[in-house]
Amino acid sequence: MAHQNPIIAKGIDWVIVWLYALIVCIGLVCIFSVEFKGDDRFFQSLFSFQKNYSKQMLYLCISAILATFILLTDSKFFTATPNLLYAFGILLMLATFVFGKNVNGSRSWIPLGFMNLQPVETCKIFTALALAKYLAQPDTDFSKTRSHAIAAAICFLPIVFSLLQNETGLALVYFAFLLPMYREGLPPGYLIAGASLGILMVITLLLPTLTLLISLAVIAVLCLWLMGRRIKRNRNLIVIIIGFWGISSLFVGVAVPFLFTHVFQKYQADRIFSMVGRDNPFIEDTPGDDAEAAAAAKKKKGDKENYNVKQSKIAIGSGGFFGKGFLKGTQTQGDFVPEQHTDFIFTSLGENFGFLGTTTLMLLYMALLLRIVFIAERQRSTFSRVYAYSVAGLIFFHVAVNISMTIGLAPVIGITLPLMSYGGSSLLTFTILIFIMVKLDADRQMVLR
């Protein structure tokens, strides 16, 4: 009799599963190296569920159960329920305003006893499914502006609630859904416009607002003068040039100040400006302050804002090429890096295992992302392809921003490293995201809508 594969293993992409397992194991080792001390009893601390690494083991067990459950679920469940699940996710985010727990100034957690659930994290799953459902509908014409607006509303509605919960960092993650939208035909003009505004914002951080507004006006006048002959033949160029100048000036003079005074928290704005070596220009000094005292206060504040990144750089740099060795990192064992088991878990890997260890992790992430893109492109259904690209976009955004954050290339905005950082919400979210994709891929021969 021919050997029959178990139903759960049929069609599964084991490359993805093994890459997932390797990254999770590396994360456990790093969390363990942060908390375990020489006088701790290993087995007692491992099963006490008082230490973060023992809790992470519990979350991993729950993740394994959920992954198995997903693989045993009919794929049609995921194509039939996205709208209902999306509505449930929005309701969960709204529930945080009533039942939410305040953690580090963010009211975005719902206490469940054994863990705290963060709906803004889990809503990424529902948003990915809802976007895939909408784009897979036969009557969706993604070449029309109306379809672009509906898809954007699906992706960015959670951003509003994230901002109201003071979760600016996680709100930015939802821009990762631009990747599947672009893959399905979003005109590049949107991306060019977004990139242009991003570049203009960076310039705004570097230059005083008045200087930049004057520069924009000078550039507009020069364009009108240099293109004089073409303007005589085509009067619409005047409208285009003045339109670009007006939009850019409003963005610099109105949108950016509003963003840094009403959207970003004060400490987040301070971190961003501190990173580029400037004081926050949108916070006025108190009149009558002594000049020397004010300068000293600003310096102290700047040192405080940069402390995390400075300690992170020291930890990563001290690891050298091969690292100091497991449980031998002075920065790691000395608790010098704040939030080292969550947002700054990458520093633990850098100090303990050096450039070799961090490069290995980066290669694993790269292999995971390339494999997900490969899986996406072999799908027969639009639903599965869009969902897979959503997973790739979310993982790429988290990895790029988190690692850039720990080495000082991006401001500290509180984004976890996928499958590595401590936390039940983060691990469960990425586990569910990945294994739904694995299940859809296993049933790729089916017609899914």
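Just so it is clear, none of the values below were taken in a lab; they were calculated from the coordinates. None of these values were measured; they are calculated from a predicted model. Using ideal geometry, Cβ is built from the backbone for each residue, glycine included, and neighbour counts are taken over all protein chains shown.
List of remarks:
- Peptides 416-428, 150-162, 248-260 ranked from most to least packed give 416-428, 150-162, 248-260, packing being the mean of other C-beta atoms within 10 angstrom over each peptide's residues.
- The length gained on full extension between C25 and S404, counted as 0.36 nm times the residue separation minus their Cα-Cα distance, comes to 134.2 nm.
- Other residues with beta-carbon under 12 Å from the beta-carbon of F346 carry, at +1 per Lys or Arg and -1 per Asp or Glu, a net charge of -2.
- Cα gyration tensor shape of the range 354-414, rounded if a/c is under 1.5, else prolate or oblate by comparing a/b with b/c: oblate
- The protection proxy used here, the mean number of other Cβ atoms lying within 10 Å of each residue, ranks peptides 192-203, 129-140 as follows, highest first: 129-140, 192-203.
- P(r), alpha carbons of the range 209-275 - 5 Å bins starting at zero, rounded %: 3, 16, 19, 17, 14, 10, 8, 6, 5, 2, 0
- Placing +1 on each Lys and Arg Cβ and -1 on each Asp and Glu Cβ, with no other charges, gives the range 78-208 a dipole about its Cα centre of roughly 100 debye.
- Burial ordering of I395, I125, fewest other beta-carbon atoms within 10 Å first: I395, I125
- Taking each of K124/K266; K124/K439; K124/K310; K266/K310 in turn, the alpha-carbon distance tops 29 angstrom for K124/K310.
- The phi torsions of the range 22-29, fed into the Karplus equation with coefficients 6.51, -1.76 and 1.60 and a -60° offset, translate into couplings of 5, 5, 5, 5, 4, x, 4, 4 Hz, rounded to whole numbers, with Gly and Pro shown as x.
- Ordering N234, L216, S248 by Cα displacement along the dipole of the range 209-275 toward the positive end leaves N234 in first place; charges were set at the Cβ atoms of Lys, Arg (+1) and Asp, Glu (-1).
- Ordering of 308-317, 79-88, 341-350 by packing [mean C-beta count within 10 Å, highest first]: 341-350, 308-317, 79-88
- With 0.36 nm allotted per residue and the present C-alpha distance subtracted, the M362-A152 stretch has 72.6 nm of extension available.
- Positive-end ranking of L369, Q331, F346 along the dipole of the range 302-449, with charges on Cβ about the Cα centre, is headed by L369.
- Each label point was placed 7 Å from the Cα along the Cα-to-Cβ direction; for F374 and S143 their separation is 3.3 nm.
- The range 78-208 shape via C-alpha gyration tensor axes, a/c threshold 1.5: oblate
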